[in-house]
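Down below is the structure, laid out as structure tokens.
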Amino acid sequence: MKFFITALTTGILLMYPFAVYIGLNNLQSGYLAIVLIAFVLLRIFLVRSNLKKLPWLLPASVLGILAILASAFTDSTIGFKLYPLAINFAMLMVFAFSYFKPPTVIETFARLSEKNLPPSAIKYTAKVTLVWCLFFIINGLVSLYTAVFMSLDSWMIYNGFISYVLMGILMLVEYLVRLKVKKQQSVISAGISKATESATSDE
């Protein structure tokens, strides 16, 4: 049951722009704010034991709640529309902080499947972390533009669909690059081993 509720709240928050679009057309700002904040708080409660694995979740949720409250108290849509920006900004801060205070977020994820990372892999995860920081900066600026200058429909399409597609593309490209890097490292390691064996046999 807990898994189902967690998956449901996560899904609703991932589809936040669509929830806001539907909510603004059917509910008053105050009621919509209560519903959305309840989902945010419920999600935090359900995943509280895994907050260390999701370091951006708590600051992102706090910023998101403040943005939602801004709309509730001002009776405007801007706060609702700034929620994705708040999430994006929190993730940028966490990724950037981890770059300057390693291990990076990407390195931490990598160690979940491979504890003993070589120095080359650690350098690679640092570069990937920087790439994600750049993505969050660009995505955040576009999200801000859609929130302030574009219609609710356009805001919903970018923040609820296009941004996820771009994120998926970045993940795919990084995965392909990672496979190529691993292959190159394997070739180099094999070459070094062969050279060592040859030198040993010559002796």
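Descriptive notes on the structure:
- For segment 63-179, the alpha carbon positions stretch 53, 26, 20 Å along the principal axes, listed from largest to smallest.
- Cβ-derived FRET efficiency at R0 25 Å, Met15 paired with Phe109, nearest 0.05: 0.55
- Across Lys52/Lys180; Lys101/Lys127; Lys52/Lys81, pairs whose alpha-carbon gap is larger than 23 Å: Lys52/Lys180; Lys52/Lys81
- If the segment from Ser151 to Lys180 were pulled out straight at 0.36 nm per residue, it would be longer than the present Cα-Cα gap by 6.3 nm.
Throughout, read-outs are computed from the coordinates displayed, never taken from laboratory work. The structure presented is a predicted model; accordingly, all values stated were derived computationally and were not measured. Every residue, glycine among them, receives a Cβ derived from its backbone with ideal geometry; neighbour counts consider all protein chains shown.
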